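Reviewing the structure listed below.
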Amino acid sequence: MKKPTVIEHLPERGHFQTVVDGRACVCDYRLAGGVMEITHTGVPPAVEGRGIAAELVAAALAHARANGWRVRPVCSYVQAYMRRHAETLDLLA
């Protein structure tokens, strides 16, 4: 059984992060005028393929929704994630 991923929101750094097998995985954003611009999602190759990026993006989008923010997905991964998860499209700025 997979243990739950613990995702931290670090607003002072403008990202959500988790550490998997000692490697930092992040979803970076900038916030301006109620729009969360998600600029980068990074998962080191050694821990790719485990759904970590999806969990980070889901956390970021849930945070945006909870705060009433719109989302501008600059990161290509986030663009693809939102296309695959139609329930997030209402967040688009």
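Other residues with beta-carbon under 13 Å from the beta-carbon of PRO44 carry, at +1 per Lys or Arg and -1 per Asp or Glu, a net charge of 0. The rule of thumb for compact globular proteins, 2.2 N^0.38 Å, goes into the C-alpha radius of gyration of the chain 1.03 times.
With a cut-off of 12 Å on the backbone N, the residues of the range 60-76 near the modelled label site 7 Å out from HIS9 along Cα-Cβ are 60-69.
Hey, what did the range 1-70 get for relative contact order, percent, Cα under 8 Å, at least 6 apart? Contact order relative to length: 26 percent.
Using just its DSSP H runs of length 4 or more, each adding -39500 (n - 2.57), the chain gives a mean residue ellipticity at 222 nm of -8000 deg cm²/dmol after division by all residues. Using 1/(1 + (r/R0)^6) with R0 = 30 angstrom and r between the beta carbons of VAL19 and ALA66, what's the FRET efficiency to the nearest 0.05? Here the calculated transfer efficiency is 0.80. Here the convex hull built on the C-alpha positions of the range 1-53 has a volume of 89 cubic angstrom per residue.
Every number here is computed from the coordinates shown, using simple stated rules; none is lab data. Note that the coordinates shown come from a computational prediction; the quantities given were computed from them, not determined experimentally. Virtual Cβ from ideal backbone geometry, glycine too; neighbours counted across all protein chains shown.
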